[in-house]
Structure formats: C-alpha cells, structure tokens
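The values are calculated or read from the model by the stated rules, or taken from the named source; none is laboratory data. Quick caveat, the model's predicted, so the values are computed rather than measured. We place every Cβ from the backbone using ideal geometry, glycine too, and count neighbours over all the protein chains shown.
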Amino acid sequence: MRDSNSAFDDQPGKPHDSQLYHIDYYSLPNVYVLVLLEDTTPEHGPWTFLPRSLSQTVKDKLGYWKQGRGYRVSDDEVYSIADPKEVIEFCGPRGTVLFIESSGCIHFGSRNSIKPRFQLMLGYTGACRTDFSETFMQPKVYPIRASDSRLRKMVLQKNLLEF
Ligand SMILES: [Fe+2]
C-alpha cells in the first residue's frame, strides 16, 4: 500500500524523484495493477502517464535511456514533444483499477498530493532485475512525529512490532 501526502514531503510544491516523469527500467516488462483505495481526484497526486505509443515517441526523441541522459525528465521536455492534452490522470472512485506497463509508459505520481492518496500497487517484476540501487543506496529515513497515525508509526518504526 502506498500513502502519498504532501504533508510528509520535505520539498512540497517542488516535484522531485518519482514526482517527475520517468520510465521504470528495473524490469522489462514491469507491470503494475493499481487499485484506488479511496476516491481519487487531481488533488490526491494521482498516477499520471502518457499512452504507451506516445511515451515511446517521447523516449526516442529525447534520447531517453541513452548514455548521459538523466533518469528524471522535466514537464517542459516532455511537453515539447507530447501534447499535454494526452496526459492521463488515474482518478476515479474507490475500487477503480488500472493495469499499466510502467516500463513502457512515461509517468509520475504523488505530485502535490494535497489530500493523502491511498492506492494498492501490485507489481509484476521479472526474475532478472536491472536495478541494484537498493544494495548500495542509503534508504531515506522518514521522521516519526508524535501526532502521526498508529498505522504510520507501525510502518516507519520497525521496532514497534517486535515483542
Ligand atoms: Fe515509476
């Protein structure tokens, strides 16, 4: 389950990381089944993407996934090729489901989620991954506040569950 909430963002209002356009590279194909656990609107920072064929055009024209090209892409770069009218925001009532190939569609999510977004993400990743960043990158540490929900504390404070 994923909880996206700008209240916990140390740079709210400034898109960063997965809030910027990118195409997942760690598995080909990589497929997600996204299930909205609450009614979701643009204020929830929905999963946002371009259709696959247009994504591939953007990828080719920007030289994305080529040497020397950054992983994250600005909106200006994407919209220099794609019409913003083609953008699809995954909004809808609770229970709405999206099947998406995140290794084929350029996308971002959790951007400026004024209201918390709760969505279930079921991912298909092949046995052969091309992403080893978890073996050498330091995991981000999220602060735990006294006012945080019990669920958030349970997720962030692993010792809380030890007996
Ligand atoms: Fe992604």
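There is no residue in the range 151-163 that is assigned to a loop (DSSP other than H, G, I, E, B) and within 30 Å of residue 60 (Cβ to Cβ). Evaluate the following for residue 77: is it surrounded by fewer than 20 Cβ atoms within 10 Å (Cβ to Cβ), away from the ligand (no atom under 12 Å from the Cβ), at pLDDT 85 or above and under 30 Å from residue 151 (Cβ atoms)? Spelling it out, it is not the case that residue 77 is surrounded by fewer than 20 Cβ atoms within 10 Å (Cβ to Cβ), away from the ligand (no atom under 12 Å from the Cβ), at pLDDT 85 or above and under 30 Å from residue 151 (Cβ atoms).
The listed residues are 130, 48, 96, and the only one of them that is touching a Leu at 6+ places or on another chain (Cβ under 7 Å) and of a type in the set (Ser, Thr, Tyr) turns out to be 96. Filtered by the rule that a residue be closer than 19 Å to residue 133 by Cβ and surrounded by 14 or more Cβ atoms within 10 Å (Cβ to Cβ), the range 56-70 gives a lone residue, 64.
Entry remark, the range 12-50: residues being in a helix (DSSP H, G or I) and crowded, with 22+ Cβ neighbours inside 10 Å number 1 in total. When you scan the range 24-43, do you find a residue that is closer than 23 Å to residue 133 by Cα, away from the ligand (no atom under 12 Å from the Cβ) and touching a Ser or Thr at 6+ places or on another chain (Cβ under 6 Å), even just one? Yes - at least one qualifying residue is present in the range 24-43.
Residues are listed down the side, and each one gets a yes or a no for (1) β-branched (Val, Ile, Thr); (2) under 25 Å from residue 14 (Cβ atoms); (3) modelled with pLDDT of 90 or more:
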{"site": "61", "(1), (2), (3)": "no, no, yes"}
{"site": "71", "(1), (2), (3)": "no, yes, no"}
{"site": "82", "(1), (2), (3)": "no, yes, yes"}
{"site": "89", "(1), (2), (3)": "no, yes, yes"}
{"site": "101", "(1), (2), (3)": "no, no, yes"}
{"site": "118", "(1), (2), (3)": "no, yes, no"}
{"site": "125", "(1), (2), (3)": "yes, no, no"}
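For residues in the range 51-93 being part of a loop (DSSP other than H, G, I, E, B) and of a type in the set (Val, Ile, Thr), which is nearest to the chain's Cα centre (by Cα)? Restricting to residues being part of a loop (DSSP other than H, G, I, E, B) and of a type in the set (Val, Ile, Thr), the top hit is 87. Within the range 89-141, the set of residues being within 15 Å of the ligand (Cβ to nearest atom), among the hydrophobic types (A, V, I, L, M, F, W, C) and surrounded by 15 or more Cβ atoms within 10 Å (Cβ to Cβ) comprises 90, 98, 100, 105, 106, 108. For residue 131, the criteria (1) modelled with pLDDT of 90 or more; (2) within 30 Å of residue 157 (Cβ to Cβ) hold in every case but one, which is (1).
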